[in-house]
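**Q** Please find one structure pasted underneath; my questions will follow.
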Amino acid sequence: MNTELSLIAHYAAAQSTLERLEERLKLSPVRVPLRSRMQIAERQALARIDETVLVDEDVHVDGRRTVRTSPFDLSRSRHAISAPITLEALSKDPGAVLEWLDAPKAVAAERAALMVSVVERVRAWQDASDALPPSPPLLSGAHMARLWRVHAPLGQGDLVASLLIGDRWGPGRWDGSKGGLVAMGLEGSHQPWKVAEGEQLERVWLEAIRQGAQAHLDLELRLRAYAVRAARALQARRRPGRLKDVLLLAMIRPRVTSSMVAKALGITSAGAIKLLTIAAEAGLLVERSGQASYRHYAIPVAASSEMPRQLADPFDPGEDWNWEPEDVRGISSLAV
């Protein structure tokens, strides 16, 4: 009975954290940059699980705030991140699953016999998944992911593919995750999650969901605190000019350069350099390249990978941030 109650408590904690994150994505004054940075954090977590480094320079955010990576991104199944796929396709259509994972390229599609073998293994995984007893969505994802690793259809990249599939069956069924929330939570886990089964797997999986969602909540708090400081700095300036636009651009992207600013704001390169210099001198941006010929800047907010692994509630009532009503209005005008 105690074991059953413990599992229920883990499920409730994971579900509650997901619900809070979903609410924050709808109501937070910094929800626009938060969405972009969540995508980036999840992509980087999946790359690290795949033992691949995805540096900020390889991440690009376009004018529609769509996150893409450069050709130097060598992580597997990267095209599946943020890409839609239905549960029906995942459970019934092997071809759709492989196309979603971009697997034909990974398994050398020109060799027909090899491709047929991969399709047969995916179908075997789908049959095994159908035989599983019914379970709540968050736990279904754990078992789908485990079975994928057991059948290992791809031969390479099955670890990342299993997490993407499990995420789609669980937290990925709502818009809060783009495929890597579970991967974020599993990073640094001392549990044998790659081979865990039964209740041990379920506990590890639920805790990973909670940790991943909590990392996003913590990031939202940091972005909000930064926006408060930025809004105050803008209000203190007589002529802020386009400085507000530069800061919002930097909040959405992992880094900005003078060429990015000039193109996005339609100003000269000299004007962009001046704005970036002003922001850096005010402590609102940090110059990270160390190269005079090619400078890039970032907001002084820690990335998810730099956050502590044991994440508590970022809105702990015992923590007083002294946010005033005028600060909230300033954030809203800056970041929404």
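**Q** Cβ contacts < 6 Å: first residue surrounded by 15 or more Cβ atoms within 10 Å (Cβ to Cβ), restricted to region 269-288; second residue part of a loop (DSSP other than H, G, I, E, B) and of a type in the set (A, V, I, L, M), any location; separation 6+ or different chain. Result?
**A** Taking only residues 6 or more apart or on different chains, the pairs are 279/285.
**Q** If you don't mind, there's one more thing I want to ask. Scan region 140-167 residue by residue and report those that are of a type outside the set (Ser, Thr, Tyr), surrounded by 23 or more Cβ atoms within 10 Å (Cβ to Cβ) and within 18 Å of the chain's Cα centre (by Cα).
**A** 141, 160, 161, 163, 164, 165, 166, 167
**Q** Taking residue 220, is it of a type in the set (Asp, Glu), closer than 27 Å to residue 181 by Cα and open to solvent by 20 Å² or more (accessible area, probe 1.4 Å)?
**A** no
**Q** So which of 166, 185, 179, 172 is in a helix (DSSP H, G or I), of a type in the set (Gly, Ala, Ser) and at pLDDT below 90?
**A** Result of the check over 166, 185, 179, 172: 172.
**Q** Could you figure out which of (1) under 26 Å from residue 50 (Cβ atoms); (2) in contact (Cβ under 8 Å) with a residue 12 or more places away in the chain; (3) not small (Gly, Ala, Ser) isn't true of residue 251?
**A** (1)
**Q** Sort through 14, 41 and tell me the only one that's within 23 Å of residue 197 (Cα to Cα) and in a helix (DSSP H, G or I).
**A** 14
**Q** Something else: State yes or no: is residue 234 at negative phi, surrounded by fewer than 22 Cβ atoms within 10 Å (Cβ to Cβ) and part of a helix (DSSP H, G or I)?
**A** The answer is yes for residue 234.
**Q** Further, regarding this structure: Please list, ordered by first then second residue, the pairs with beta carbon atoms under 8 Å, 6 or more apart or interchain, first in region 192-215 and of a type in the set (A, V, I, L, M, F, W, C), second open to solvent by 30 Å² or more (accessible area, probe 1.4 Å) and not in a helix (DSSP H, G or I).
**A** 204/189; 204/191; 208/189
**Q** Answer yes or no: is there a residue in region 99-122 that is part of a helix (DSSP H, G or I), among the polar types (S, T, N, Q) and within 18 Å of residue 157 (Cβ to Cβ).
**A** yes
**Q** Let me confirm something: among 298, 282, 302, which residue is more than 21 Å from residue 37 (Cα to Cα) and modelled with pLDDT of 55 or more?
**A** Answer to the check: 282.
**Q** How about region 250-259: which of its residues are in a helix (DSSP H, G or I) and surrounded by 18 or more Cβ atoms within 10 Å (Cβ to Cβ)?
**A** Hits for region 250-259 are 250, 251, 252, 258.
**Q** Out of all the residues in region 23-54, which are crowded, with 21+ Cβ neighbours inside 10 Å, basic (Lys, Arg) and over 12 Å from residue 160 (Cα atoms)?
**A** Hits for region 23-54 are 24, 37.
**Q** Continuing with the same structure: List, please: which pairs have Cβ atoms under 9 Å, are six or more places apart or on different chains, and start with a residue in region 56-82 that is on the phi < 0 side of the Ramachandran plot and end with one that is among the small types (Gly, Ala, Ser) and open to solvent by 20 Å² or more (accessible area, probe 1.4 Å)?
**A** Close Cβ pairs satisfying both conditions: 56/303; 63/264; 66/82; 67/82; 76/106.
**Q** Output the residue which, of all residues in region 55-76 that are assigned to a loop (DSSP other than H, G, I, E, B) and touching an Asp or Glu at 6+ places or on another chain (Cβ under 6 Å), is most open to solvent (accessible area, probe 1.4 Å).
**A** 72
**Q** If you go through region 119-139, how many residues are open to solvent by less than 30 Å² (accessible area, probe 1.4 Å) and farther than 22 Å from residue 95 by Cβ?
**A** 2
The values are calculated or read from the model by the stated rules, or taken from the named source; none is laboratory data. The model shown is predicted, which means the values in this text are computed figures rather than measured ones. We place every Cβ from the backbone using ideal geometry, glycine too, and count neighbours over all the protein chains shown. Just so you know, the surface numbers come from the protein's heavy atoms only, side chains and all, with ligands and any DNA or RNA stripped out. Shrake-Rupley method; radii C 1.70, N 1.55, O 1.52, S 1.80 Å.
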